[in-house]
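In what follows, a single structure is set out as structure tokens and then discussed.
The values are calculated or read from the model by the stated rules, or taken from the named source; none is laboratory data. Just so it is clear, the model here is predicted, and its values are computed rather than measured. Cβ placement follows ideal geometry from the backbone for every residue including glycine, while neighbour counts extend to all protein chains displayed.
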Amino acid sequence: MINKFRKFLYKNKEVRKFRQTLSFLPYLISSKKKIIVFAIPFGDMVNGGVMSIDGIYNHSKKVLDSKKHLVLMSTLNKTKNFLKFTKFNSNSFIFNFRLIKLYIKYRKPSKIIIHVPEYYFEKFMINDFFETKNIIINILNQKNDEMPKPEVLHSYINRFGNIFTMTTAHKSYSTNEFQQKFKIPYFHLSVDLNHESYVKINFENKKNQILFSPDNHPLKDTVINNLKEKLPHFSFITIDKLTFEEYKQLIAESKFQITFGEGLDGYFIEPYFSKSIGFSVYNDLFFTENYRNLPTVYGSYEELNQKIVDDIIELASSKNNYQEISEEGFKVCYDDYNQEKFLSKLLNYYLNV
């Protein structure tokens, strides 16, 4: 009976709304004059983009002076209300954006920074409070191909002034040429990946198991069928409907994982943080040149399909070769994705806007 009541309290729409409002009341009497808001257009889900934003949010609370800054996460007006992320470990409490607007209206903070995902930027700009002084809209550029067109951004600059900044997740598009294209300040943050938080299992205790990212790709079925035909002693799993903790356990147990998505994504990087091996295909949009030399990064999916069976057989049959390639991949990924650099870059952003 108690569990049913708890479930009702969490799922009931009006109860959620009441809890959000009640929890927000202390902020309305807060003396903090600087507010940082992470405005999210999605619901309770788990993927790389969601966890990346959640990581930036939580670490913003760590690097900023809590006596001066109020850091909040908020669903946007038309997004279904929910209180917390349940698919991965998160301390975030999530408010509705109407409460944020209420705070801005009555508390009149001296500085407002609102972080918005790149793909939702244009819809977010429908909001009506951009005449507010001391506001900065930061575009969270996690996927450069989902950025608004430069002319769209320029139209908002002409209308509201240069109140915009951008933070980027990948080195590949964090360039002066890119800044000239959009004409707003940009800051490369990378992504909050702490290798120490990943499960690590040694080679001899790993399973002959190959994981696939859930992404769609024209050659995905061809690659999977090729592997199943030629590697009958392996088992195969497509990542689906797992919590993040379950996912981390699975990649640690499995010898290999193949991404069919962005390429330089968690499905490629995270196996190396688990003493496993990830395979990917190079592209100029997300990778930088230093990844070209990794033997597990192919030039195309056609090349991957042609070579990967032999590569897996060779790696799976030699502990030394396997560990050498896993360690090489770890070093390259860790150089770009480590928490110390991420925190330094995040603090640098706040100090310079």
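For segment 41-49, the criterion of being over 26 Å from Lys345 (Cα atoms), small (Gly, Ala, Ser) and at pLDDT below 85 is satisfied by at least one residue.
Suppose the filter is modelled with pLDDT of 70 or more and either charged (D, E, K, R) or within 25 Å of Ile126 (Cα to Cα) (or both); does Lys33 pass it? Answer is yes for this residue. Can you find even one residue in segment 323-344 that is hydroxyl-bearing (Ser, Thr, Tyr), touching a Gly at 6+ places or on another chain (Cβ under 8 Å) and in a helix (DSSP H, G or I)? The answer is no; no qualifying residue exists.
Cβ separations smaller than 7 Å between residues 6+ apart or across chains give no pair from segment 159-171 residues that are closer than 12 Å to Ile114 by Cα to residues that are assigned to a strand (DSSP E or B) and small (Gly, Ala, Ser).
So for segment 55-78 (the condition being buried (at least 17 other Cβ atoms within 10 Å of the Cβ), touching a residue at least 60 places away in the same chain (Cβ under 8 Å), basic (Lys, Arg) and in the same structural domain as Asn127 (by TED's automatic domain parsing)), does at least one residue qualify? Looking through segment 55-78, none of the residues is buried (at least 17 other Cβ atoms within 10 Å of the Cβ), touching a residue at least 60 places away in the same chain (Cβ under 8 Å), basic (Lys, Arg) and in the same structural domain as Asn127 (by TED's automatic domain parsing). Please return the ranges of strands (runs of 3 or more DSSP E) entirely within segment 82-160 where 3 or more residues are on the phi > 0 side of the Ramachandran plot, surrounded by fewer than 14 Cβ atoms within 10 Å (Cβ to Cβ) and modelled with pLDDT of 90 or more. Filter on segment 82-160 gives an empty set. Tallying residues that are under 24 Å from Glu302 (Cβ atoms), part of a loop (DSSP other than H, G, I, E, B) and either touching a residue at least 24 places away in the same chain (Cβ under 8 Å) or of a type in the set (A, V, I, L, M, F, W, C) (or both) within segment 219-260 yields 6. Taking the conditions exactly as written (outside any loop (DSSP other than H, G, I, E, B), polar (S, T, N, Q) and within 24 Å of Gly49 (Cα to Cα)), does Gln209 satisfy them or not? Judged against the criteria, Gln209 is not a match.
Scanning segment 287-326 for residues that are farther than 29 Å from Tyr173 by Cα and among the hydroxyl-bearing types (Ser, Thr, Tyr), we see that the one that is surrounded by the fewest Cβ atoms within 10 Å (Cβ to Cβ) is Ser317. Given the criteria farther than 13 Å from Ser92 by Cα and at pLDDT 80 or above, does Lys61 qualify? Answer is no for this residue.
Contact annotation: residue pairs with Cβ atoms under 6 Å, 6 or more positions apart or on different chains, pairing a residue in segment 115-128 that is over 21 Å from Leu70 (Cβ atoms) with a partner that is at pLDDT 90 or above and assigned to a loop (DSSP other than H, G, I, E, B), are Glu118/Met147; Phe121/Pro148; Glu122/Pro148.
Within the option set Ser326, Ser317, Ser300, Ser276, being more than 20 Å from Thr167 (Cα to Cα), free of Cβ contacts under 8 Å to residues at least 24 places away in the same chain and either touching a strand residue (DSSP E or B) at 6+ places or on another chain (Cβ under 7 Å) or in the same structural domain as His115 (by TED's automatic domain parsing) (or both) holds for one residue only, Ser300.
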